[in-house]
Amino acid sequence: MAKNPGVFERFPASTVLIFNLVNLSVFACGIYLLYLIWPVLAVLFAVYIAAMESMVYREGCRNCWYYGKRCMSGRGCLAKMFMKKGDPKKFSEKDVSAKAFIPSSLISVVPVIAGIYLFLQGFDFVLLGIGVWPIIVMFLGNPVIYGELSCPHCKQSELGCPVSEFFMKKAKKKK
Ligand code: SF4
């Protein structure tokens, strides 16, 4: 297969930085708002985020072409530090449906519910804004991060990635 000049074998540090800053900002919004409601909820939410992250490593990164390499999130490098390389075949065999995104989308939905709850308790617009930020990321940020900065340049997407195929199909339907 001729080398595709648009595909990055090592993603630019700027993409990794943008990806992680946006992701961490969403996590922080949820943890902060839930802390204001009840600190125990904030701890539970942080545990939930950690569980989702570990699922990405276990089901994705260990089998990914970027295992041990710098992918758009940097997880490829981290995966090599704490888990054995998996089977690349398993990566593209995975079936991805809209239902599969429900657990990870909760990380964006929970802060909104918390923001609305706090707003109805008489808190200010700033908190509502913090609650809405994850949804802005979901509908405006992610299409840019995945649709422009990541998937078009991703070697795994070129080899077969059910997630990018899912979004590509969705994008095609929209056209
Ligand atoms: S591209 Fe995705 S699956 Fe592959 S190592 Fe990076 S985060 Fe993990």
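Filter the range 18-28 down to residues that are more than 13 Å from residue 106 (Cα to Cα) and touching a residue at least 12 places away in the same chain (Cβ under 8 Å) and give me whichever is least open to solvent (accessible area, probe 1.4 Å).
19
Based on what the data block shows, is residue 60 of a type outside the set (Asp, Glu) and surrounded by fewer than 20 Cβ atoms within 10 Å (Cβ to Cβ)? Here the answer is no, as residue 60 does not meet what is asked.
Out of the helices (runs of 4 or more DSSP H) lying entirely within the range 82-175, which hold 2 or more residues that are under 16 Å from the mean Cα position of the chain (by Cα), away from the ligand (no atom under 16 Å from the Cβ) and at pLDDT 85 or above?
Once the helices (runs of 4 or more DSSP H) in the range 82-175 are filtered for at least 2 residues that are under 16 Å from the mean Cα position of the chain (by Cα), away from the ligand (no atom under 16 Å from the Cβ) and at pLDDT 85 or above, what remains is 102-120, 125-136.
Among the residues of the range 48-81, those identified as part of a loop (DSSP other than H, G, I, E, B), near the ligand (Cβ under 8 Å from one of its atoms) and either on the phi > 0 side of the Ramachandran plot or of a type outside the set (Ser, Thr, Tyr) (or both) are 60, 64, 65, 69, 71, 72, 74.
The values are calculated or read from the model by the stated rules, or taken from the named source; none is laboratory data. Everything quoted here is computed from the prediction, not taken from an experiment. In this analysis, Cβ positions are derived from the backbone assuming ideal geometry, glycine residues included, and neighbour counts consider all displayed protein chains. SASA here: full protein model, heavy atoms, side chains in, ligands and nucleic acids out. Shrake-Rupley method; radii C 1.70, N 1.55, O 1.52, S 1.80 Å.
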